Amino acid sequence: MPDFDYQLVVIGSGPGGYVAAIRAAQLGLKVAIVEKDATLGGTCLNVGCIPSKALLASTEHLHFARERFAAHGIIAKEISVDLGAMMKRKLEVVGKLTGGVGYLMKKHKIEVVKGFGKLADAHTVDVSAEGAAPRQLKTQNILIATGSVPIELPFLKFDRKRVINSDQGIALAEVPKSMLVIGAGAIGLELGSVWRRLGAEVTVVEFLPRIAAVGFDAETSKILQRNLEKLGMKFELNTKIESAQVSEKGVELKGSNAAGPVSFKADIVLVAVGRKPFTTGLELEKAGVKLTDRGRVAVNEHSQTSVPNIWAIGDVTDGPMLAHKAHEEAVAVAENMAGKPGHVNYQIIPGVIYTAPEAASVGLTEEEAKEKKLNVSVGKFSFTANGRAIAADTTDGFVKIIADAKTDKVLGAHIVASNASELIAETVLLMEFSGSSEDLARTIHAHPTMSEAVKEAALAVDGRMLSA
Ligand SMILES: Cc1cc2nc3c(=O)[nH]c(=O)nc-3n(C[C@H](O)[C@H](O)[C@H](O)COP(=O)(O)OP(=O)(O)OC[C@H]3O[C@@H](n4cnc5c(N)ncnc54)[C@H](O)[C@@H]3O)c2cc1C
């Protein structure tokens, strides 16, 4: 390839882009990565997964200190919040991780090119950055990993003060008196619970009949809602917001539900109705890269676009907009480029909502199993009967295992627990190996652990729980 400067130029340094760059470099490819933002790491590290989890952790500590310390015999009379310090810590966490990506780029000899990348043709990426000379990168392969941006409602434009998206929702300088969240998915519930714990009156408005409706079991939605209501969050389900008036004083919203017209007032509205792929300015048409009818970059099962040497992964392509989905595709696409058999198992991608308790899900829900007319056996176990949960004061939640009634193969797992995001991993692994509930039930789990509830739920598939 005499005319190419690189074997791979990656556009975008999120969990898709930076991981693909590393894996490609490990496989011996000469790689450059183009990033328009000041720091590496994309949405996830800068304004997504990581800062939201930092704030969730801080505010969970606050809530536990206020609500549960006394029961543990801890006397802390004056608990107050220094929001500035909380935000500073969040930024330090972000800085550590984005800096870590920079270190990894150096370690793997990946050239970082700062600036906005666009396609000039199928082998050329033009990069422009303020104050720097434009560059033209000639490359054998191009990987589009440009991620996504928040969706705006047509009648409720982001002014980033009164009408905000998650980028501002993780960085408010003061606690609003009231916050209305539109959308009861992961981002709305997580950030809603952060600001509720900090003292805001939070109302979540959702068009669908239940919260966490996409990818989560109906029972999960129910338990999660009950716990978030205990926290003081209010929910307006089956409700559509249709118009809004924004003023210096706040936002007035009008809409409707089955009973008729409804209206709300709030200091701040957080719009969390989803994200859309970001392809603006990439000039994909210059290289002949096609989009799907939903505006995502169209790819085949190898993450290859309509142009064979141009690939795309992560939020900009079809599938759940999750960091670990982008991450897995990144490894597979680099391996495919290097002539190895990279593969992603799209059937087994866990999803998590990091509220307190957390909700985690993998595979089929009970409702989906019914819709597909599958004959399944369901085992359930509540954390109220789990020794470790009782000792740790974290008894909210349950584990549900869904197995094929005939073969016993596990088809889905649903967990609500303080650490559901961690507990789900063993069921994901089990499902990767096409394991059965019997495999899980016969696996020794350390005692006392919350993971014993997973084993008990597996035993319950066959009606033989030992602890309840
Ligand atoms: C508040 C919030 C919380 C979240 N929490 C979680 C979570 O807990 N778990 C989870 O799995 N997912 C979570 N997500 C989703 C997760 O952040 C995304 O799925 C993930 O970041 C997608 O990775 P990506 O590499 O596809 O794109 P991104 O991370 O969006 O990265 C794309 C990068 O490309 C750059 N870029 C775009 N266009 C260009 C261009 N033309 N030239 C140069 N650079 C460009 C962007 O600046 C960006 O840095 C969360 C998202 C948000 C908003």
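When the P(r) of the range 1-135 is calculated, the portion above 21 Å amounts to 55% of the C-alpha pairs. Relative to the longest principal axis of the chain, what angle (0 to 90°, nearest 10) does the C-alpha long axis of helix 323-337 take? On a 0 to 90 degree scale, this one is about 40. Straight Cα distances below 19 angstrom link LYS138 to the aspartates and glutamates ASP3, ASP5, GLU35, GLU111, ASP121, ASP126, GLU283, GLU285, with same-chain residues fewer than 8 positions distant left out.
Dividing the helix sum by the residues of the chain, where each DSSP H run of 4 or more adds -39500 (n - 2.57), gives a mean residue ellipticity at 222 nm of -9000 deg cm²/dmol. Checking every one of the chymotrypsin sites (Phe, Trp or Tyr not before Pro) in the range 95-174 against DSSP loop status and a limit of 15 other Cβ atoms within 10 Å picks out PHE155.
Once you list every other residue whose beta carbon is under 11 Å from the beta carbon of PHE278, what net charge do they have if Lys and Arg are +1 and Asp and Glu are -1? Counting the neighbours of PHE278, the net charge comes to +3. Counting only Cα atoms, the chain measures 69, 61, 47 Å along its principal axes, largest extent leading.
Rg and Dmax over the alpha-carbon atoms of the range 152-273 stand at 13.4, 41 Å. The charge dipole of the chain, taken about its Cα centre with unit charges on the Cβ atoms of Lys, Arg (+1), Asp and Glu (-1) only, comes to about 580 debye. For the range 304-402, trypsin sites (Lys or Arg not before Pro) meeting the loop criterion (DSSP other than H, G, I, E, B) and having at most 14 other Cβ atoms within 10 Å: LYS372, LYS373.
Computed from the Kirkwood radius of its Cα pairs, the Stokes-Einstein diffusion coefficient for the range 320-468 at 37 °C and 0.692 mPa s stands at 206 µm²/s. Under a 5 Å amide H cut-off, with hydrogens placed 1.01 Å from N, ILE33 pairs with VAL10, GLU111, VAL112, VAL113 among residues at least 5 apart or on other chains. Calculate the length of the line joining the C-alpha centroid of the range 309-335 to that of the range 360-374, in whole Å. About 25 Å separates the Cα centre of the range 309-335 from the one of the range 360-374. Would you mind classifying the range 330-370 by shape? Square roots of the alpha carbon gyration tensor eigenvalues, ordered a ≥ b ≥ c; an a/c under 1.5 is rounded, otherwise it is prolate if a/b is larger than b/c and oblate if not. Oblate is the answer for the range 330-370, as a/c is 1.5 or above yet b/c matches or exceeds a/b.
Averaging the Cα positions of each part gives two centres, and for the range 244-302 and the range 170-218 these lie 16 Å apart. Checked against a 22 Å cut-off, the cross-linked pairs LYS325/LYS455; LYS30/LYS114; LYS107/LYS276; LYS30/LYS325 give Cα-Cα distances beyond that limit for LYS325/LYS455; LYS107/LYS276; LYS30/LYS325. Each residue of the range 347-356 is assigned a 3J(HN,Hα), and the resulting list reads 6, 10, 10, x, x, 9, 10, 8, 7, 10 Hz, derived from the Karplus form 6.51 cos²θ - 1.76 cosθ + 1.60 (θ = phi - 60°), x at Gly and Pro. Computed over neighbours whose Cβ is under 14 Å from that of VAL331, the net charge equals 0, Lys and Arg +1, Asp and Glu -1. Accessible area ranking (1.4 Å probe, heavy atoms, ligands and nucleic acids excluded), largest first, for GLU201, GLU111, GLU335, GLU371: GLU371, GLU201, GLU111, GLU335. Taking chymotrypsin sites (Phe, Trp or Tyr not before Pro) across the range 347-390, none is in a DSSP loop with at most 16 further Cβ atoms lying within 10 angstrom of its Cβ. A simple count of charges around THR124, restricted to other residues whose Cβ falls under 15 Å of its Cβ and scoring Lys, Arg +1 and Asp, Glu -1, yields -2. Taking a ≥ b ≥ c as the square roots of the eigenvalues of the Cα gyration tensor, the range 292-359 is classed as oblate, since a/c reaches at least 1.5 and a/b does not exceed b/c.
The values are calculated or read from the model by the stated rules, or taken from the named source; none is laboratory data. Only a predicted model underlies this, so the values are computations on that prediction, with no experimental measurement involved. Note that we place each Cβ from the backbone using ideal geometry, even for glycine, and neighbour counts take in every protein chain shown. Keep in mind that these areas ignore ligands, DNA and RNA; they rest on the heavy atoms of the full protein, side chains included. Shrake-Rupley method; radii C 1.70, N 1.55, O 1.52, S 1.80 Å.
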